[in-house]
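Undergrad: The structure that follows is given in the form of structure tokens.
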Amino acid sequence: MQLARVIGDVVATVKDQHLSGIKLMVLQPLTSDGSATGRTLVAVDAVGAGVGETVFFVRGKEASFPFHPTEVPADAGIVGIVDHWDVEPERPAKGPEPRTGNREPKAMRQEPKA
Amino acid sequence: MQLARVIGDVVATVKDQHLSGIKLMVLQPLTSDGSATGRTLVAVDAVGAGVGETVFFVRGKEASFPFHPTEVPADAGIVGIVDHWDVEPERPAKGPEPRTGNREPKAMRQEPKA
Amino acid sequence: MQLARVIGDVVATVKDQHLSGIKLMVLQPLTSDGSATGRTLVAVDAVGAGVGETVFFVRGKEASFPFHPTEVPADAGIVGIVDHWDVEPERPAKGPEPRTGNREPKAMRQEPKA
Amino acid sequence: MQLARVIGDVVATVKDQHLSGIKLMVLQPLTSDGSATGRTLVAVDAVGAGVGETVFFVRGKEASFPFHPTEVPADAGIVGIVDHWDVEPERPAKGPEPRTGNREPKAMRQEPKA
Amino acid sequence: MQLARVIGDVVATVKDQHLSGIKLMVLQPLTSDGSATGRTLVAVDAVGAGVGETVFFVRGKEASFPFHPTEVPADAGIVGIVDHWDVEPERPAKGPEPRTGNREPKAMRQEPKA
């Protein structure tokens with residue numbers, strides 16, 4: 001999924017019948033520091049999000065899950081409204097590093113931080 | 001989904017039989033401010049869109065939903081003709097910001113604008 | 001789908017059994033003005049395309065539809081050989097423009113050209 | 001799948017009901033030399049990963065497999081915690097090279113290294 | 001599918017149970033002239049490929065087909081080991097060109113080379 005801000009909506013009279021009554025919102029994807037990234041897109045809305053809200057959305061067939069059993073022809077859907085999110089400040093990786101070169105037996109488990 | 005302008009069509013005599021009688025349109029994806037973005041693509045048309053029209057299309061298996069039960073081998077399909085769309089002018093985010101660093105208990109809900 | 005030129009083929013003796021007897025072609029995707037764009041890829045061929053031909057191909061699970069009921073593990077497949085395609089010369093958009101800022105009732109439908 | 005570092009989490013009260021009780025983590029994809037690459041994303045967690053850990057995640061509908069039969073509307077999911085990984089140092093390719101130009105019968109199999 | 005070189009492997013003790021006993025390889029995608037392109041990724045291996053070999057892999061749910069009926073949560077899988085591949089030298093397109101502007105009846109089929 002990706003974080004996004006709802007920045008608008010789309011009105012379409014002529015459309016696939018399974019989209020009838022479903023809100024079509026324009027989303028601006030966000031990075032984890034809250035800035036805009038990448039292309040805007042149109043998503044169906046399963047949670048009642050409004051313009052200006054921060055949400056997370058899902059891509060692919062999964063976007064139509066909340067509307068089952070209706071087979072909604074959608075490839076992006078808002079599935080949650082974000083209360084807040086937390087990210088760790090940039091820091092050196094504590095997880096495992098790749099080992100290169102001599103391919104000895106793999107024994108040493110590098111303990112990633114819990 | 002993405003906004004796009006229909007800019008042409010494709011004629012193919014030799015093709016998968018399940019594509020017979022289905023219109024193949026050339027689309028130019030659009031950003032939310034109406035300018036062209038990214039690669040053109042070929043999409044099946046489920047709503048009778050013509051060259052010059054602004055539409056929204058869906059990517060993936062969902063593109064074949066409007067043709068069920070025929071299993072159309074398509075990965076992009078026009079599912080609506082756009083009447084108009086509205087986007088908010090660029091402005092500072094009103095939604096939640098990420099919190100970094102000290103990971104205290106999460107209590108404060110930042111109210112995104114409705 | 002995308003337009004592409006068939007530029008080669010791949011020979012693989014050791015492969016998933018469901019790929020046996022299926023031609024593997026190397027494709028160069030094309031823009032709508034016929035020039036090469038993006039990465040080459042390997043696609044299964046359902047229509048008997050040869051090297052040098054212009055085709056359109058489908059991405060995703062749909063690539064295996066023409067081989068049903070065999071579950072071919074493919075994510076790209078040639079589904080048509082292009083006779084020709086037509087694109088409109090670049091011109092100002094005639095479709096609807098986004099409306100920004102003041103969100104009044106949506107009434108005016110801008111007629112896109114047929 | 002891709003390698004990633006878990007860099008945070010997301011809290012959402014209003015969300016699709018099938019996401020209830022599922023942890024939503026913020027991931028930073030990694031290259032095979034352990035450096036950050038590409039956009040952060042939000043993934044469901046099926047293996048109990050914590051912030052700071054190195055994991056690999058899956059994109060697409062497959063992200064919901066670990067939660068079957070619940071139809072979780074997710075397009076990215078952590079499916080493993082990485083103990084370590086090994087990569088060969090950069091070196092000239094030992095596998096087959098493409099052959100260009102004169103298309104003679106294909107006989108010579110170039111033996112890629114085992 | 002895409003061509004790739006196997007450049008390493010990943011070890012993960014904690015992982016989705018359906019990945020147990022399945023090899024996880026690190027792949028470097030290749031262009032059709034054999035040079036590295038794009039991000040490395042982690043793929044399941046259905047054909048017994050080793051480090052250093054040139055393979056082609058499939059993205060998406062199709063990656064789990066070779067492991068049916070097990071529902072392997074994978075989005076990339078090696079499905080063949082490449083013996084060799086052939087590509088035509090760069091040359092002017094012989095396939096059809098797009099026709100722009102005046103949209104007359106489509107009659108003339110441009111014969112692409114066989």
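The values are calculated or read from the model by the stated rules, or taken from the named source; none is laboratory data. Keep in mind that this is a model prediction, so the values were computed, not measured. In this analysis, Cβ positions are derived from the backbone assuming ideal geometry, glycine residues included, and neighbour counts consider all displayed protein chains.
Condition check ((1) polar (S, T, N, Q); (2) touching a His at 6+ places or on another chain (Cβ under 6 Å); (3) surrounded by 22 or more Cβ atoms within 10 Å (Cβ to Cβ)) across all residues:
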site	(1), (2), (3)
A:SER20	yes, no, no
A:GLY48	no, no, no
A:PHE57	no, no, yes
A:THR70	yes, yes, no
A:GLY77	no, no, yes
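Undergrad: Quick check on my filter: what residues within the range C:61-85 are among the aliphatic types (A, V, I, L, M) and either farther than 16 Å from B:ILE22 by Cβ or more than 7 Å from every other protein chain (Cβ to nearest Cβ) (or both)?
TA: Within the range C:61-85, C:ALA63, C:VAL72, C:ALA74, C:ALA76, C:ILE78 meet the criteria.
Undergrad: Next question. For the range B:10-56, give me each residue that is part of a loop (DSSP other than H, G, I, E, B) and either more than 7 Å from chain C (Cβ to nearest Cβ) or in contact (Cβ under 8 Å) with a residue 60 or more places away in the chain (or both).
TA: B:SER20, B:GLY21, B:ILE22, B:LYS23, B:THR31, B:SER35, B:THR37, B:GLY38, B:ALA46, B:VAL47, B:GLY48, B:ALA49
Undergrad: Quick one: in the range B:67-79, of everything that is of a type in the set (Val, Ile, Thr) and part of a loop (DSSP other than H, G, I, E, B), which residue is modelled with the lowest pLDDT?
TA: In this case the residue turns out to be B:THR70.
A quick yes/no check of all residues on (1) at pLDDT below 90; (2) of a type outside the set (Val, Ile, Thr); (3) within 14 Å of the chain's Cα centre (by Cα):
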| position | (1), (2), (3) |
| --- | --- |
| B:ALA36 | no, yes, yes |
| B:LEU41 | no, yes, yes |
| B:VAL44 | no, no, yes |
| B:PHE65 | yes, yes, no |
| B:ILE81 | no, no, yes |
| B:ALA93 | yes, yes, no |
| B:PRO96 | yes, yes, no |
| B:THR100 | yes, no, no |
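Undergrad: Let me ask another. Of the residues that make up the range A:8-27, is at least one under 18 Å from the mean Cα position of the chain (by Cα), modelled with pLDDT of 95 or more and closer than 21 Å to D:ILE78 by Cα?
TA: no
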